[in-house]
Amino acid sequence: MHEGAAVEEKPLAKYPHFQDIHVMIFIGFAFLMTFLKRYGFSASGLNLLVGALVIQWAIIMRGCYEMEDGRIPISLDNLIGADIAAAAVLISMGALLGRTTPMQLLVMGIFEIALFAANEYLQLELVRAADVGGSITVHAFGAYFGLAVSLAMRPSKEDAKPGQMEGSSYNSDISAMIGTIFLWIFWPSFNSALVDGAEQERAIINTYLSLAGATVTTFVISALVSHEKKFDMVHVQNSTLAGGVAVGSICNLIIHPFGALLVGVIAGVISVLGYRFLTPAMLSNLRIADTCGVHNLHGMPAVLSAVFSAIYSSLATYETYGSSLTTIFPAMEHMSNTTMTHEYAIGGFGRTAPKQGAFQLMAIGLTILIAIVGGLITGFILKSPTMRQLEKDEHHKDEAYWETPAEPTNITVITTNTSS
């Protein structure tokens, strides 16, 4: 009786991580995208709609690769995986924020989750890449899929400039900062949810230190590159989180505090510079709109994470990791182990450390390629005549799909002097 109870209770050890990731998805992402001054209803409301839909679809799509006797398993681990998959779609939504209809976002989510599940299986089960925090399979995929959709739907040369409503207000920036803080606090749970024991503890510590390093760096670089040498709220809302993305693929590795801080510092630098220089250049030269700057928060830091994962993987040894080496890098297991005889990996098992490093780079390259091709195809579908397109004057406005309160009218108060 007691043994059965223990078996039933064991999965609930993951519930705190599930709660934290749930908060990130439905509060963190939602509020982070409310920075536009007249798009708060859409940013928060459509985040809830899209997230709720794609989580259900992700359970099915990911479950197709985890079938047991023809049945799709359902457990707390599956829900965590579905939540993490939803993050990829919400990242893509950030690139397109304010330029698509709700139906276009839902259709994009359906296509993206199907492709996401296939790519996740390819990278984690066939390529056997180490990517505990999802920097490769989630952040890079979501960012470059969204940017590819944006490229396919890019405006004409005359319209390739920031719209009148594509800006923030004092209150909307404070609202977005709430999302930043929730994401910042719970990011260690996102990166550590899929591992246990010492790996989980390392993932939490390394993520926290990387976030701290990115945050301090963001403030410094922001003040250096901003027009008036002051802090820019866009940088603070986004680049402070870049450390969590950049450490994702290596968070469970033995990288030491110095390594975690270094990754965070580099991520903070490239993210701020991306917001300051790259995003405007992409819009003006390539007509690729990236409303939330997902390339700077998710895309480039994810590539940085993959590069560092290749470096640390190529240096991994049994002396450093002990028996956990083949748990972290399954493809480094030798086929003489009978437990591996029914498993398959591209390139085979028994990899050397440098070979595993090469496969880490292969994983990020394949992911970006698949995301871009899939995003372009999806973008052309969303741009087809069968789907309603937003007009230029409807961009970044809630009024197109929401009942919004009327703006307060200016009331002139006339006072009379009653004194004698």
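For the chain, what is the mean residue ellipticity at 222 nm derived from helices alone (per DSSP H run of n ≥ 4: -39500 (n - 2.57); sum divided by total residues; nearest 500 deg cm²/dmol)? Intermediate values should be presented prior to the final figure.
Details: 17 runs with 240 residues, N = 420.
About -18500 deg cm²/dmol.
Out of (1) -0.44, -0.80, -0.95, -1.27; (2) -0.62, -1.01, -1.10, -1.25; (3) -0.82, -0.99, -1.06, -1.24, which label holds the value of log10 I(q)/I(0) by the Debye sum over Cα atoms at q = 0.08, 0.11, 0.12, 0.14 Å⁻¹ that was computed here?
(1)
Which aspartates and glutamates does Lys37 reach when only Cα atoms under 19 Å apart count, and residues fewer than 8 places away in its own chain are ignored?
Within the straight-line cut-off, Lys37 pairs with Glu166, Asp173, Asp232, Asp290, Glu391, Asp393, Glu394, Asp398, Glu399, Glu403, Glu407.
If Lys and Arg each add +1 and Asp and Glu each add -1, what is the summed charge of the other residues whose beta carbon sits under 15 Å from the beta carbon of Leu79? Could the numbers behind the result be given before it?
Numbers: positive: Lys14, Arg62; negative: Asp20, Glu66, Asp77, Asp83.
Here the count lands on -2.
When you count, for each residue, the other Cβ atoms within 10 Å and take the mean per peptide, how do 131-141, 13-23 rank with the highest first? Let's see the in-between values first.
Numbers: 131-141: 29.5, 13-23: 16.6.
Highest-to-lowest ranking by the protection proxy: 131-141, 13-23.
To the nearest Å, what is the center-to-center distance of the stretch 361-400 and the stretch 235-297, using C-alpha atoms only?
That distance is 22 Å.
Using Cα springs under 10 Å in a Gaussian network model of the chain, which residue among Asn119, Asn285, Asn296 shows the largest mean-square fluctuation?
Asn285
Using a 1.4 Å probe on the protein chains only, how many percent of the accessible area of the chain belongs to carbon and sulfur? Could the numbers behind the result be given before it?
Working: 12560 of 19270 Å².
The nonpolar share, carbon plus sulfur, comes to 65 percent.
Beyond a 32 Å Cα-Cα separation, which of these cross-linked pairs lie in this structure: Lys161/Lys230; Lys230/Lys383; Lys355/Lys383; Lys157/Lys397; Lys14/Lys230? Walk me through the intermediate numbers first.
Numbers: Lys161/Lys230 25 Å; Lys230/Lys383 40 Å; Lys355/Lys383 42 Å; Lys157/Lys397 21 Å; Lys14/Lys230 42 Å.
Distance filter (> 32 Å) returns Lys230/Lys383; Lys355/Lys383; Lys14/Lys230.
Within the stretch 81-182, list the GluC sites (Glu not before Pro) lying in a DSSP loop whose Cβ has at most 15 other Cβ atoms in a 10 Å radius.
Glu158
All other residues with a Cβ under 13 Å from the Cβ of Ile328 taken together, and with Lys, Arg as +1 and Asp, Glu as -1, what is their net charge?
Taking every Cβ under 13 Å from that of Ile328, the sum is -1.
Can you tell which of Ile84, Thr101, Val132 lies farthest toward the positive end of the dipole of the stretch 68-172, using +1 and -1 charges on the Cβ of basic and acidic side chains (Lys, Arg; Asp, Glu)?
Thr101
So for each of 298-305, 42-49 I average, over its residues, the number of other beta carbons within 10 Å; can you give me the resulting order with the highest mean first? Kindly include the intermediate steps, with their values, before the conclusion.
Working: 298-305: 28.4, 42-49: 20.6.
My ranking of the peptides, most packed first, is 298-305, 42-49.
Fully extended, how many nm does the chain gain between Ile185 and Tyr15 (0.36 nm per residue separation, minus their Cα-Cα distance)? Before the final figure, lay out each step's value.
Values: separation 170, 0.36 × 170 = 61.20 nm, distance 1.68 nm.
Taking 0.36 nm per residue and subtracting the Cα distance, the gain is 59.5 nm.
Contact order normalised by length for the chain, with contacts defined as Cα pairs under 8 Å and 6 or more residues apart; what percent is it? Walk me through the numbers before you get to the answer.
Working: 722 pairs, mean separation 99.1, N = 420.
Computed value for the chain: 24 percent relative contact order.
Could you sort the peptides 80-91, 97-108 by per-residue average Cβ neighbour count (10 Å cutoff), highest mean leading? Mind showing how you got there, number by number?
Details: 80-91: 25.8, 97-108: 20.6.
Top to bottom by mean Cβ count within 10 Å: 80-91, 97-108.
Please compute the per residue accessible area over the chain with all protein chains in place, 1.4 Å probe, rounded to a whole number of Å². It would help to have the intermediate numbers written out before the result.
Working: 19270 Å² over 420 residues.
So the chain comes to 46 Å² accessible per residue, rounded to a whole number.
The values are calculated or read from the model by the stated rules, or taken from the named source; none is laboratory data. This is a predicted model, so every value here is computed, not measured. We place every Cβ from the backbone using ideal geometry, glycine too, and count neighbours over all the protein chains shown. Heavy atoms of the whole protein, side chains included, go into the accessibility calculation; ligands, DNA and RNA do not. Shrake-Rupley method; radii C 1.70, N 1.55, O 1.52, S 1.80 Å.
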